[in-house]
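Reviewing the structure listed below.
The values are calculated or read from the model by the stated rules, or taken from the named source; none is laboratory data. Source: prediction; values computed, not measured. Cβ placement follows ideal geometry from the backbone for every residue including glycine, while neighbour counts extend to all protein chains displayed. Quick note on the areas: whole protein, heavy atoms, side chains included, nothing else; ligands and nucleic acids left out. Shrake-Rupley method; radii C 1.70, N 1.55, O 1.52, S 1.80 Å.
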Amino acid sequence: MATTSATTFSIGSTVSFGSRGNPLPQSKPFVARFTSPNSLASFSGLKAATYVNCESESSFFGKESSAALRGSFVPKAQKANQKSQNGLQPVASYKVAILGAAGGIGQPLALLIKMSPLVSALNLYDIANVKGVAADLSHCNTPSQVQDFTGASELGNCLKGVNVVVIPAGVPRKPGMTRDDLFNINANIVKTLVEAVADNCPDAFIHIISNPVNSTVPIAAEVLKQKGVYDPKKLFGVTTLDVVRANTFVAQKKNLKLIDVDVPVVGGHAGITILPLLSKTKPSVNFTNEEVEQLTVRIQNAGTEVVEAKAGAGSATLSMAYAAARFVESSLRALDGDGDVYECSFVQSDLTDLPFFASRIKLGRKGIEALIPSDLSGLSEYEEKALEALKPELKASIEKGIAFVQKQPVTA
C-alpha cells in the first residue's frame, strides 16, 4: 500500500473544507492538505484525497471566505468522488503576473502566489535581478510554472494572456518620507506599466500596490481610459493591509480570537484617509472613546511604525505581501466562480461624492459585482466626523493622479 503525504498549498492558519466538513461562518486563511494513495499529476507529484480536510485557526482571507471556500470545493469533491476513486483534482488554470517581482514586496508576494493551487503560470517582471528570484521559486513543487522577464523589451511577453496583474513596483518609503513624497517617482512607473497592461492584457484584473495608492489608482484609470480599455470593475487599489492590521490590533486589544474578527476599513490608503469602522467590528465589541482614537491612529500610522522600526532598511514589505496575496487569492476564487467573495478595496465608487473610495466590495468573474453601502450606514459620531475630515485630502490625491496623466498623454 502506498504511503500518503500531506501538502500545504497556502499560507496562514488553516481552514477546513470538504464534503464532510461543517459550514464555516466566514473566510479565513487556508491550508489545504490532500492525502491519498493516488498521485495527482498536475500537482507535481503531490498527493490528493477523496475529501479535503481543513482546519481554521487564523485569518488569511477576508470576511466570509471560508464558507465560500467550502461551498466552492465541496461540490467539486463530491462530483469527483462520483466519477472516480482518484479523488479531488483542483485545476490550476490562471495566469498571474507580478510587475516589480524582485523587490521587497515582490519576492515574498511571488512566493505566496506560487503556493496557490489556482495558479498555472506565474510571470515575474522587473528591471533587474528577477532571473534569480524565478529560478529559486521554480524549485517549489506547486502547480504554477515560473518565468522571468527583464526590462521593457520583455514586458509585453510577460503580460500576454494574463488574468491577474499585480503591481508592487516602485521605490519604498524611507524614514521621514510621506506617501506623497513617493509620487513623482512611482507615478511614472505605474503609468508606464499600466500602458503595457492596456496593450497586452486589457481584460485582466489589475491590482495596484505601488504607493501612493490614493493617486496611483486614478493614474491607472486615466491611462486605461486614454487607451480605450478602461473597465472600472477590474481596477483595484490593494488596501487589504489596512484590514489585516485593523483585525490584528483589535483582536490584540480586546483579547479576541483573530479568526472571529472582521473590521471594515474605508476611505483611502494613507494617513487620515484610512478609516477603520470600529463600530462595525464583528463580533460586536464595545470600545471606549479613548480606545477608538488609539486604535484608529495606530491603524492609520502602522506603515510608519514599520518604517521607523526598520530604521531605513525598508518599509512594510512582508505584511504587505501577505495582504496582497490574500487579495490575489480572493480574485482568483472569484474568477473561478466562487460566488461569495468579499474584500475591501480602493475602487471607482459612487458611495460618496469622491470618484474613488475604499469600501467592501463583492467580487465575481467580471470583477466588481457590487459595492457594499451598508458599512457607511449608522456610523458613530467619531466615524462620521473622520469620514468628512478625510475627504479633502483624498480628493486632492485623486485629482493629483488624474492631472499627472492628463499632462503626460499615454504612449500610443
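Values computed for the structure shown
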{"quantity": "Segment Ala128-Gln252, length gained on full extension (0.36 nm per residue, minus Cα span)", "calculated": "40.6 nm"}
{"quantity": "Spin-label pair Leu318/Asp353, simplified geometry with 7 Å Cα→Cβ offset, distance in nm", "calculated": "4.4"}
{"quantity": "Gain on full stretching of the segment that runs from Ala135 to Asn188 - 0.36 nm per residue minus C-alpha separation", "calculated": "16.2 nm"}
{"quantity": "Carbon plus sulfur fraction of accessible area for the range 94-407, probe 1.4 Å, in percent", "calculated": "50"}
{"quantity": "Solvent exposure of the range 94-407 as accessible area per residue, Å², 1.4 Å probe", "calculated": "38"}
{"quantity": "Along principal axes, Cα extents of the range 155-241, largest first, whole Å", "calculated": "40, 24, 24"}
{"quantity": "Cα pair distances in the range 94-407, grouped into 10 Å bins until the bin that holds the longest one, percent each", "calculated": "6, 28, 37, 23, 6, 0"}
{"quantity": "Alpha-carbon radius of gyration plus Dmax, which is the widest Cα pair, for the range 286-407 in Å", "calculated": "17.0, 49"}
{"quantity": "Members of Lys310/Lys400; Lys225/Lys395; Lys95/Lys233; Lys114/Lys191 lying beyond 23 Å, as alpha-carbon distances in this model show", "calculated": "Lys310/Lys400; Lys114/Lys191"}
{"quantity": "FRET efficiency for Ser153 and Lys407, using Cβ-Cβ distance with R0 set to 25 Å, rounded to 0.05", "calculated": "0.40"}
{"quantity": "Largest-first ordering by accessible area, 1.4 Å probe, given options Lys191, Lys257", "calculated": "Lys257, Lys191"}
{"quantity": "Protection-proxy order for peptides 237-246, 111-120, 308-317, 395-404, each taking the mean of Cβ atoms within 10 Å per residue, highest first", "calculated": "237-246, 111-120, 395-404, 308-317"}
{"quantity": "Distance between the range 229-259 and the range 260-277 - C-alpha centres, whole angstrom", "calculated": "7"}
{"quantity": "Unit charges on C-beta of K, R, D, E only; dipole of the range 94-407, Debye", "calculated": "460"}
{"quantity": "Antiparallel DSSP beta bridges within the range 94-407, percent to nearest 5", "calculated": "45"}
